[in-house]
Amino acid sequence: MTEKTRDNLEKAFVGEAKAYFRLMAFARKADEEGYSQVARLFRAVATAEGVHAKEHFALLEKVKSTEENLKSSFEKETFVNEVTYPAFLKEAWADGDKPVIWGFTKARNAEERHAKLYKTALTDMAVDRDTLYFVCTNCGWVEDRQKPAKCPNCQYPAEAYQEVK
């Protein structure tokens, strides 16, 4: 595959993945407003966009061994936490946009936690430890073993956590 084709495939993957999440958000809004048929259409097209994204991702040959995937995920989460979000936060602070500052802060903190979980998982692969994971549906914080009484990142109650199976 040429560099130009790979670049186009990357762009197509990102576009299809974004379309999936955008359309799912539109479907939730349509459901809230009582437009169940429109919501169903949004979900159907979102599912199709997900098919396209999966195909593009497979062609990019991004999925490696589990150990390589964990290492790569750890590196990406660390970069986002240490480089990307701090740059975003600096600009948001300069703009004085408090909701965006809070959103970036929650995401940065959660990304740092994700990196730690990946690092632990690399170690735990050898012992094949069975772990439960819980995700805060407000900020994306992930807890292992049990859900906390309240989220350490956004302070939402335990009810905000969803167990991932």
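Since every read-out is calculated from the coordinates, none of them should be taken as a lab result. Since this is a predicted model, take the numbers as computed values, not measurements. Because the Cβ atoms are built from the backbone with ideal geometry, glycine has one as well, and the counts that use them run over all protein chains shown.
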| field | Per-residue ³J(HN,Hα) for segment 133-140, Karplus 6.51 cos²θ - 1.76 cosθ + 1.60, θ = phi - 60°, Hz, x for Gly and Pro | value | 10, 10, 10, 6, 6, 8, 10, x
| Length added when fully stretched, Asp95-Met1, from 0.36 nm per residue minus Cα-Cα | 29.6 nm
| request: Give me the distance between the Cα centres of segment 91-165 and segment 36-50, rounded to whole Å. | output: 29
| Among Thr47, Leu122, Leu9, whose Cα lies farthest out toward the positive end of the dipole of the chain, if unit charges sit on the beta carbon of Lys, Arg (+1) and Asp, Glu (-1)? | Thr47
| request: Provide the descending list of Cα extents for the chain along its principal axes, expressed in whole angstroms. | output: 45, 40, 39
| Potential lengthening between Lys71 and Ala44 on full extension [0.36 nm per residue; Cα-Cα distance subtracted] | 6.3 nm
| Cβ-Cβ FRET estimate between Lys150 and Trp102, R0 fixed at 22 Å, reported to 0.05 | 0.85
| note | By the C-alpha gyration tensor axes a ≥ b ≥ c (rounded if a/c is under 1.5, else prolate when a/b exceeds b/c, else oblate), the shape of segment 66-164 is oblate
| task | Report the equivalent ellipsoid semi-axes for segment 3-59 in whole Å, largest first, defined as the square roots of five times the eigenvalues of the gyration tensor built from alpha carbon atoms. | result | 28, 9, 6
| message | Quick one: 3J(HN,Hα) in Hz for segment 148-164, Karplus 6.51/-1.76/1.60 with θ = phi - 60°, rounded, Gly and Pro as x. | response | x, 4, 8, 5, x, 9, 10, 6, 5, x, 3, 4, 6, 7, 10, 6, 9
